[in-house]
Amino acid sequence: MTRAERLAALLERLVSDGKIDVEHSADHFDVSAATIRRDLDYLAEQQLLARTHGGAVPNSTSYDLPLRYKSTSRGEAKTRIAQRAVEMLWPGCTVSLNGGTTTVEVARAIPSAEPLHHGITVVTNALNIATELTVRPFIKIVVCGGVARPQSYELVGALATETLSQLTPDICFLGAIGLDPEAGITTNDEAESAINRVMVKQAKRTVVVIDSSKLGTVGFSRICHVSEVAAILTDSGADSQMVATLRSHGVEVILA
């Protein structure tokens, strides 16, 4: 295993386990503890994690982990959510997608829906989603301008706002870092939350696509309140009390 592969694997363990232990990681990768410490120091310098005594934890105060390190986290649940989301679409509709691992799964599920092969328009501020779908001849891709964030591949800023504020998609599938009945739908970057807020405002209907592990989590910056979306689409692992609380706020909760 190369160092680059080991660094990626360490970040994947951080996402799945919520922490990294130096000694356990040294045994797992069959390298010295000193090597793991150097790897963690390097990742900390890149602001991808926070060092602790004997290991590391996620760094929630600055940057979220880049999407490529989170693609395998709760993959089965996100796939089910994506398949259910695509069932809400119809030929000729327009759908907007922000950046995130769950919205990427939604984008990947669109080509497998035969009825949508008659044509569909996807509006996105996520470069990776646009790249993934642009080869599909039946999908019209509309991408805004803006400044790219390497952590999420989202385009943000005034240019993005100017473009998206002129469009009114039929439905917006909104990904998020966290969703809480009181704090609302949140992300960890204020520029992302600002452009995501525009997408919610412009869409005729917004459905939050979020796996159950994020329910009750509160990120740094609010996108919108729960009352501002039409529905929350999550997986069947969602806590029943949380689902009841959300429904008491007047929002539809769909379990995939």
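The values are calculated or read from the model by the stated rules, or taken from the named source; none is laboratory data. For clarity, every value in this text was computed on a predicted model and none was experimentally measured. No Cβ is skipped: glycine too gets one built from the backbone with ideal geometry, and neighbour counts run over all protein chains shown.
So, in segment 207-256, how many residues would count as being under 15 Å from the mean Cα position of the chain (by Cα), assigned to a strand (DSSP E or B) and either surrounded by 21 or more Cβ atoms within 10 Å (Cβ to Cβ) or touching a residue at least 40 places away in the same chain (Cβ under 8 Å) (or both)? So the answer is 8.
Cβ-Cβ distances below 9 Å connect no pair with a first residue in segment 113-134 that is among the basic types (K, R), a second residue that is modelled with pLDDT under 95, and a separation of six or more residues or different chains. The one condition from (1) out of contact with any strand residue (DSSP E or B) (no Cβ under 6 Å at 6 or more places or on another chain); (2) surrounded by 13 or more Cβ atoms within 10 Å (Cβ to Cβ); (3) within 25 Å of F220 (Cα to Cα) that R37 does not meet is (3).
Take the conditions (1) out of contact with any helix residue (DSSP H, G or I) (no Cβ under 8 Å at 6 or more places or on another chain); (2) under 25 Å from I177 (Cα atoms); (3) small (G, A, S); A9 misses just one of them, which is (1). Taking into account only those residues within segment 116-130 that are of a type in the set (S, T, N, Q) and within 14 Å of V106 (Cα to Cα), which is surrounded by the most Cβ atoms within 10 Å (Cβ to Cβ)? Going through the qualifying residues, I end up with T124. For segment 169-192, name all the residues that are surrounded by fewer than 24 Cβ atoms within 10 Å (Cβ to Cβ) and either free of Cβ contacts under 8 Å to residues at least 60 places away in the same chain or not assigned by TED's automatic domain parsing to the domain that holds T103 (or both). Across segment 169-192, the qualifying residues are G178, D180, E182, A183, G184, T186, E190, A191.
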